[in-house]
1. Could you grab the pairs with beta carbons closer than 8 Å, sequence gap of 6+ or different chains, first residue in the range 164-180 and farther than 18 Å from K136 by Cα, second one in a loop (DSSP other than H, G, I, E, B) and open to solvent by less than 50 Å² (accessible area, probe 1.4 Å)?
2. Of the residues R175, R194, only one is open to solvent by 40 Å² or more (accessible area, probe 1.4 Å) and at pLDDT below 70; which?
3. If you take the residues in the range 131-153 that are in a loop (DSSP other than H, G, I, E, B) and surrounded by 14 or more Cβ atoms within 10 Å (Cβ to Cβ), which one is nearest to the chain's Cα centre (by Cα)?
4. Quick one: S64 ticks every box in (1) over 30 Å from M155 (Cα atoms); (2) open to solvent by less than 70 Å² (accessible area, probe 1.4 Å); (3) modelled with pLDDT under 85; (4) of a type outside the set (D, E) except a single one, so which number is it?
5. Kindly provide the set of residues from the range 62-98 that are among the aromatic types (F, W, Y) and under 19 Å from K164 (Cα atoms), ordered by number.
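The values are calculated or read from the model by the stated rules, or taken from the named source; none is laboratory data. Remember, it's a predicted structure, so these values are computed and weren't measured experimentally. So basically every Cβ, Gly included, is an ideal-geometry build from the backbone, and we count neighbours across all protein chains shown. We work out accessible area using only protein heavy atoms, side chains counted, and drop any ligands, DNA or RNA first. Shrake-Rupley method; radii C 1.70, N 1.55, O 1.52, S 1.80 Å.
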Amino acid sequence: MNEKLKQRLILAFGFLLIGCAIYAGYTFVRYLANLLLSIDKQLATAIIAASGTFLAAVLVALYSQRRTKDREIAEAHRPQKIEVYKSFMETIAGLLKRTKDESTDNSQEAFNKEFLEFFVAFTRDLIVWGSPGMIKAYYKFRTNTTSDATVLLLMDDILREIRKDLGNSNWSLKRGELIRLFLSDPEELERTIRGKLRSGR
């Protein structure tokens, strides 16, 4: 049999099945409606109420089962997420320390190679284990080409997403408060932001 003809027959058969299913559903609903109209109103009301209660119970059970499954998956992924995020925080801490430590050998070529290798590995792991919010925050950080203040704030966004992905609350934490914990001078971020505003960049 011609391959194109075979595909057309399969497609036509699929549409036929869908049409039959729609017609059967319509017929069944119409039958139920006519049945309810033909019986006593009080009995019909009782049947509808019982059906609604049963449907609500089924939906609640399905929702509860889904939430339980989601929690089990999250707990199973948690150890891997912690390792991935821990490596990111350690690298960021090392990066910030290195930029302030004048005694460090700042070989730009070696530094760029080390940094690139880390981010390649981190990106790979993040695609597997990271939440959508974490991936978006990381993308903004990687594609940033503006000032040092913006880089620090984007790092802070990533840290907030890490906490959120691990189930921790960020309530009452202002933007920039987490990245300040990595800075040797906590006021450095504010000075950088003020300098950015004065320069108009």
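1. No pair meets every condition.
2. Every option except R194 fails the conditions.
3. S131
4. Single failed check for S64: (3).
5. Scanning the range 62-98 gives Y85, F88.
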